[in-house]
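The structure under discussion appears below in the form of C-alpha cells.
The values are calculated or read from the model by the stated rules, or taken from the named source; none is laboratory data. Note that the structure is predicted; figures quoted are calculated from it, not measured. FYI the Cβ positions are ideal-geometry reconstructions off the backbone, even for glycines, and counts take in every protein chain you see. All accessible areas refer to the heavy atoms of the entire protein, side chains included, with ligands and DNA or RNA removed. Shrake-Rupley method; radii C 1.70, N 1.55, O 1.52, S 1.80 Å.
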Amino acid sequence: MFIKLSKQTGILFEKFFINLKWMIFGVICGALIGTVAALFGKAISYVTALRTAHSAILFGLPLAGVAIVWYYHILGADSPRGTNLVIDSIHNDQKVPFRMTPLIIVSTVVTHLFGGSAGREGAALQVGGSLGDALGRLLIGFNDKDRRRTIMCGMSASFAALFRTPLAASVMPIEMSTVGVMYYSAFMPCVVAALTAHVVAGIINPGSEETMVIANVPEFSFKQGGLTVLFAIFCSLVAVLFCAVLHSTKKLAKLTVKNNYLRAAACGVIVVVLTLIVGSQTYNGAGAAIIEACVLDGAFKIVPYAFLLKMLFTAVTLSGGFQGGEIVPTLFVGATFGHAVAVFFGMSPTMGAALGATFVFCGVTNCPMTSILIGFELFGFELSPFILLGVAITFLFSGNYGLYGSQKIRYSKYDPGRVDINAH
C-alpha cells in the first residue's frame, strides 16, 4: 500500500513539474513574442498612416513586389508557403524555419507601405509559429516531441498581441490545423501565452484594443433565429467564393506568368490600375478602418459590391507574392457584405456587419470555437445567440473550403465518419 501511494505521489509531482514547465514557457513565450508582434503591429500602423498621407507611394507597388520576391530568394525561400508551412509543422512535428520571422515581418510591412491588399494576423501566425519553435529549441527541458505545443504557444501569443483577442487566440492554433481534432494538451500554455502577450501588447500599444460593441441588439426570437440562419447560409457562400477566388487567382497567375519577378510586378501594376479605376484607396491595405465604420456607423456609405472588390484586390495582391495574410481582408469582406444586405434579414447595418465579419471568418478558417470567441470579444456578448447559431450554420454550409490548403479535414462536418482530406 505504501509503495502504491509513493508511486502515485511521484506521478503527481512529475505532472506538477511538467505543468509548471509549460506555464513558465507560456509566460516567456507571451512576453517575448508578444513584444515582437506588438512592435510589428506598430510598424504596420505607421506605414499605413504614411501611405494614407502620401498616396503617391502606391505607384511603387510593382517595384515593392519585385523587392519582396528578391528578399525571399536571397534568404532561400523561393516558394514561400506561409501559414501552410506552419500548419504542416504542427501536423508532422517539423521545424519551422527561423528565417520565416524576418521574411514575413519585412515583406508584410513593405506590402502595407505600398498599398497591397493584405492582412496582418496571418503574418502573426507565421511569426508566432517560427519564434515559438525557435524558443522551444533554445530552452532547456524541451525536445522534438514538444514542438507542436511550442509552435501553437507562439501562434497564440502573436495573434493575441496583434489582434487583441486573447480568448480567440488561445483556441485558434489548437483548432485550425485539423478540423475535427483539438490538441487540448496545448490549451493551458496557449492560454498563458495569449494572456501574457495581450498584457504586453497593451503596454506597448495602449488603446489599440479593437472592440466594436453593437448597441440596440434585438431580442432573440424564432423569427430572428430563422433570419439569422438564412443570413449565415449566404455568408457561407461568400466565404466559399472568397476561398475559390484566392486559390484560383494564385493558380492562374502562376500559369500565366512563370517568372516570379515579372508576376510580382504585373500583380502590382494590376492593383495600381484597379485603385485608379475605383478612385480611392478604400481596398488597399488591410481595411481595418472600413470594418470599424461598417460596424459602428449605421449611416456609413459604401458600394454594395465592396466585398467583391476587396476579394479581387486581395487575390491579385497575394498572387503576386506580396505578404500579409487574409484574415483582416476576410473580416472586411464579411463586414461590407453584411452591411449591404442586413436590411433584407431584419438587421441594422451595424449588426449585419458584425455578424457578417464573424460568419465569413468561420467559413474561411473552419474554426467555429475561435469564431464564436472573436465575435464575443470584438462585438460584445449581447450578440451571443445570433453568433452561436450563425457560426454553427456557416461552419456546416461552407463545406470543405478553407484559406489554408494544409488544413486537414480529419472528420466530416456532417456525420461521424473520418474523411482525412485537405481543405480546398
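Values for this structure:
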quantity	calculated
Probe 1.4 Å, all protein chains present, accessible-area order of VAL245, VAL127, VAL213, largest first	VAL213, VAL245, VAL127
Carbon plus sulfur fraction of accessible area for the range 190-271, probe 1.4 Å, in percent	70 percent
Stokes-Einstein D (µm²/s) once Rh is taken as the Kirkwood radius of the range 173-311 over alpha-carbon pairs, at 25 °C in 0.890 mPa s	124 µm²/s
Cα Rg, Dmax (largest Cα-Cα span) when computed across the range 290-332, Å	11.9, 36
Set LYS251/LYS413; LYS21/LYS145; LYS250/LYS310; LYS42/LYS250 screened for pairs whose C-alpha atoms are more than 18 Å apart	LYS251/LYS413; LYS42/LYS250
Net charge of Cβ neighbours under 15 Å - reference SER384; Lys, Arg +1; Asp, Glu -1	-3
Portion, in percent, of the accessible area of the range 328-376 that falls on carbon or sulfur, probe 1.4 Å	81 percent
Modelled label reach - ILE277, point 7 Å along Cα→Cβ, the range 108-128 residues with backbone N closer than 19 Å	115-118
Heavy-atom accessible area order for TYR184, TYR404, TYR305, largest first, 1.4 Å probe	TYR184, TYR305, TYR404
Surface per residue (accessible, 1.4 Å probe) for the chain, Å²	41 Å²
Net charge over other residues, Cβ less than 14 angstrom from the Cβ of SER319 (K, R count +1; D, E count -1)	+4
Accessible area of TYR414 in the full protein assembly, 1.4 Å probe (Å², nearest 10)	140 Å²
Relative counts (whole %) of C-alpha pair distances in the range 115-232, using bins that are 5 Å wide	2, 12, 16, 18, 15, 12, 11, 8, 4, 2, 1, 0
Square roots of 5 times each gyration tensor eigenvalue, C-alpha, the range 52-174, largest first, Å	29, 17, 10
Carbon plus sulfur fraction of accessible area for the range 91-177, probe 1.4 Å, in percent	59 percent
Stokes-Einstein D (µm²/s) once Rh is taken as the Kirkwood radius of the range 260-343 over alpha-carbon pairs, at 20 °C in 1.002 mPa s	162 µm²/s
Sequence of GLU382, GLU219 from largest to smallest accessible area, 1.4 Å probe	GLU219, GLU382
Sites LEU20 and ARG99, calculated FRET efficiency, Cβ-Cβ separation with R0 45 Å, nearest 0.05	0.90
